[in-house]
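Take a look at the structure below.
The values are calculated or read from the model by the stated rules, or taken from the named source; none is laboratory data. From a predicted model like this one, the values you see are computed outputs, not experimental measurements. Methodologically, a virtual Cβ is constructed for each residue, glycine included, from the backbone with ideal geometry; neighbour enumeration extends over all protein chains shown. Side chains included, ligands, DNA and RNA excluded: accessible areas come from the protein's heavy atoms. Shrake-Rupley method; radii C 1.70, N 1.55, O 1.52, S 1.80 Å.
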Amino acid sequence: MTQNTTTRLLIIGPPGAGKGTQAGKIAARYGVPAISTGDIFRANISGGTPLGQQVQAIIERGELVPDELTNEIVADRLTQEDAAAGFLLDGYPRTVDQVHALDGMLDGSSLDAVVLLEADADEVVARLLKRAELEGRADDTEDVIRHRQDVYAEQTAPLIELFSERGILVPVDGLGTVDAVAERIANGLDAQLSARVSH
Ligand code: ADP
């Protein structure tokens, strides 16, 4: 297989930045599946599976599921046929250890682009409190939201520099309408991906 036949993307950003909404749009645009570890965990919790039972309390506290378990779930998901030509990861990797695990799964190839969806802390907390009213997610109480922001700052924010050093970071302002943000992302990604092809 030649190097550029796949499109491997990641969207990263603080809880509440709107990753899930934009992930669906990006995936549709590039014809790849959106793979969200948060969605996988929530589906298992609502389905009452052994995995769901294992992670429910952790997620409701706003903490991270252990790397080993999360890595295993993603490795399994990436072997499914629909991910062969590429994917958009949402919510994974979230720790430096998970980045290394993903590198191993990709076996010498790497992500093509990482969208960093930026939004300031007050704005994201306000959005999540609003979502709590609409969706009733168990990890959207004010204390847990703040804890998730702290976990992001400590464990996930360091990944930004790492992807920047790899030359694949596409920072995008997450403030504005869904469509305006989607357009910024599409422009940023198109530029990053076409640079890749011409190298
Ligand atoms: P958020 O909008 O808070 O980023 P997600 O749906 O991505 O929401 O994740 C919800 C929760 O699922 C996280 O707070 C964490 O407990 C768990 N989770 C999701 N992805 C990961 C991951 N890559 N590693 C560990 N835990 C994860």
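Could you work out how far apart the two model spin labels at residue 186 and residue 57 are, taking each label as a point 7 Å from the Cα in the direction of the beta carbon, and quote it in nm?
4.6
Not counting ligands, DNA or RNA, and with a 1.4 Å probe, what is residue 60's accessible surface area in Å² rounded to the nearest 10?
About 80 Å², ignoring ligands and nucleic acids.
Rounded to two decimals, what is the ratio between the C-alpha radius of gyration of the stretch 145-199 and 2.2 N^0.38 Å?
1.40
Working from Cα positions, state the angle (0 to 90°, nearest 10) between the long axis of helix 37-46 and the longest principal axis of the chain.
40
What are the radius of gyration and Dmax of the stretch 7-190, computed over its Cα atoms and given in Å?
For the stretch 7-190, the Cα-based Rg and Dmax read 15.6, 44 Å.
For 36, 109, 46, give the ranking by accessible area with the largest first, probe 1.4 Å.
So the residues, ranked largest to smallest area, are 46, 109, 36.
If the chain between residue 173 and residue 100 were fully stretched, how many nm would it gain, using 0.36 nm times the residue separation less the Cα-Cα distance?
Value of the extension gain: 23.6 nm.
Per-residue ellipticity at 222 nm for the chain, helices alone: DSSP H runs ≥ 4 residues times -39500 (n - 2.57), over residue total, nearest 500 deg cm²/dmol?
Helix contribution divided over all residues of the chain: -17000 deg cm²/dmol.
What does the charge dipole of the chain about its Cα centre add up to, to the nearest 20 debye, if the Cβ of each Lys and Arg holds +1 and the Cβ of each Asp and Glu holds -1?
It works out to roughly 460 debye.
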